[in-house]
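All remarks here apply to the structure that follows.
The values are calculated or read from the model by the stated rules, or taken from the named source; none is laboratory data. As the structure is a computational prediction, the values presented were derived from the model and not from experiment. Virtual Cβ from ideal backbone geometry, glycine too; neighbours counted across all protein chains shown. The accessibility values were calculated without ligands, DNA or RNA, using every heavy atom of the protein model including side chains. Shrake-Rupley method; radii C 1.70, N 1.55, O 1.52, S 1.80 Å.
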Amino acid sequence: MGGAGRPGLGAAARRGGGPVPVIVALSGGIGGAKLALGLSKVLPPEELLVVANTGDDFEHVGLTICPDIDTLTYTLAGLDNPVLGWGRADESWAFMETLAALGGEDWFRLGDRDLALHVLRTHRLRGGEPLSAITDDLRRRLGIGARILPMSDDPVRTRLRGDAGWIDFQDWFVRQRATPAVRAIEFAGAAAARPQPGVLAALRAGPRAVVICPSNPFISIEPILAVPGMREAIAVCGAPVVAVSPIIAGQAVKGPTAKMFSELGMEPSAAAVAARYGALLDGYVMEEGDDATGIAPHVFRTRTLMQTLDDKVALARAVLAAAEALR
Ligand code: GDP
């Protein structure tokens, strides 16, 4: 991993022997994890910190489930399930089948191997360990060099208002397959949440860049920015902030991002995503042919569709090069 051919950001700090400035990548699950994997292939492990959204977290059958942390962890460990797009490869379903046969809730599928992680995490949370410590320990045990930290150790839970009232995120996303139209979004607990201290420390130490991965702005990135102090810490960190559009040709690659823009009264486009992040952005990486009219930050164009590992690596390099150009 790392080394050959990567942009020379941070070389001065390395020569001086001081702390190595990191790339801080804000990420949700699927789209974010693809770019995080690319970044992990081109950066030395100590130079990458991935900040995971925890607004999707929920309590289910007595377990605390953290879908975005887990997607990142499985993806960076090479254990992800490319067919399902969530969970682990090489999975079996005896627990789920038995749970259903016993009359338990089976709308949120938990594979047997995946379940081990949820049981262990829940047990350790109940023992008083912070989510960040558990996440850090598990990623090490799975051989991941880069750090993955939750945006906060305090619980934040995304809720959506549809025409039938407020519902919890996973009820909407998984049980109702993201079909009810979304009229409003809230991040319960965010006002009282504190940014995870390791994330804040990395931002205060002066990172090389902050990368906003191509994740859903409404439900993956905005929960991170809603943690009090997080947006400000990013804005004043002194490093270029570069986002990658999750919208290509007016469509989401996967999931409800484009549909949510329409339901919330905005035309889905790369420009609409950039507008959500507003003055936070210094640079914006978007698909070659897409319309950049009205986008305020500096625009960089490249192929942003990540189908292969080579695509992920190439986009990671393009994002790092964009950040370097802005320094
Ligand atoms: P979630 O938490 O699992 O929904 O994951 P994210 O929010 O991180 O990812 C969902 C977003 O990723 C959607 O808006 C997709 O359009 C976007 N996405 C998925 N794959 C790609 C890709 O290959 N390229 C780009 N640019 N965006 C992608």
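Using a/c under 1.5 as the rounded threshold, could you call the range 29-168 rounded, prolate or oblate? The axes a ≥ b ≥ c are square roots of the C-alpha gyration tensor eigenvalues, and prolate needs a/b larger than b/c, oblate otherwise. Cα axes put the range 29-168 in the prolate bin. In loop segments of the range 107-190 as defined by DSSP, the chymotrypsin sites (Phe, Trp or Tyr not before Pro) with at most 15 further C-beta atoms inside 10 Å of their C-beta are TRP107. Couplings for the range 243-260, taken from phi via the Karplus curve 6.51 cos²θ - 1.76 cosθ + 1.60 with θ = phi - 60°, read 9, 10, 5, x, 9, 10, 6, x, 10, 7, 5, 7, x, x, 4, 5, 4, 5 Hz in order; Gly and Pro are left as x.
Entry note, the chain: the mean residue ellipticity at 222 nm calculated from DSSP H runs of n ≥ 4, each adding -39500 (n - 2.57), is -10000 deg cm²/dmol after division by the residues and rounding to the nearest 500. Could you give the length gained on full extension between HIS298 and GLU186, defined as 0.36 nm per residue of separation minus the Cα-Cα distance, in nm? Extra length available between HIS298 and GLU186 comes to 37.3 nm. With protein chains left intact and a 1.4 Å probe, residues in the chain average 42 Å² of accessible area per residue. Amide H to amide H distances under 5 Å link VAL241 with VAL210, ASP282, GLY283, where only residues 5 or more positions off or on other chains count and H is placed in the peptide plane.
Rounded if a/c is under 1.5, else prolate if a/b beats b/c, else oblate: with a ≥ b ≥ c from the C-alpha gyration tensor eigenvalues square-rooted, which is the range 114-169? It is prolate, given that a/c is not under 1.5 and a/b is the larger ratio. Among the trypsin sites (Lys or Arg not before Pro) found in the range 94-186, those both in a DSSP coil and sparsely packed, with 11 or fewer other Cβ atoms within 10 Å of their Cβ, are ARG177. Taking a ≥ b ≥ c as the square roots of the eigenvalues of the Cα gyration tensor, the range 261-327 is oblate, since a/c reaches 1.5 or more and a/b is not larger than b/c.
Nonpolar atom fraction for the chain, defined as the carbon and sulfur part of the 1.4 Å probe accessible area, stands at 53 percent.
Sites count as exposed loop sites when they are GluC sites (Glu not before Pro), lie in a DSSP loop, and have at most 12 other Cβ atoms within 10 angstrom; the longest stretch of the chain without one is 106-287. Once backbone amide H atoms are built at 1.01 Å from N, GLY250 has ALA270 as its partners under 5 Å, excluding neighbours fewer than 5 places away on the same chain. Counting only the Cα atoms, the chain fills a convex hull of 130 Å³ per residue.
Taking Cα atoms only, the orientation of helix 131-141 departs from the longest principal axis of the chain by about 80 degrees.
Distance from the C-alpha centroid of the range 256-324 to that of the range 129-199: 23 Å, rounded to the whole angstrom.
Cα-based values for the range 87-138, radius of gyration first and Dmax second, are 12.8, 35 Å.
Among the trypsin sites (Lys or Arg not before Pro) in the range 215-299, those located in a DSSP loop and surrounded by at most 16 other Cβ atoms within 10 Å of their own Cβ are LYS254. Computed from backbone phi with θ = phi - 60° and the Karplus coefficients 6.51, -1.76 and 1.60, the 3J(HN,Hα) list for the range 33-42 is 5, 4, 6, 4, 5, x, 4, 5, 7, 10 Hz; x is used for glycine and proline.
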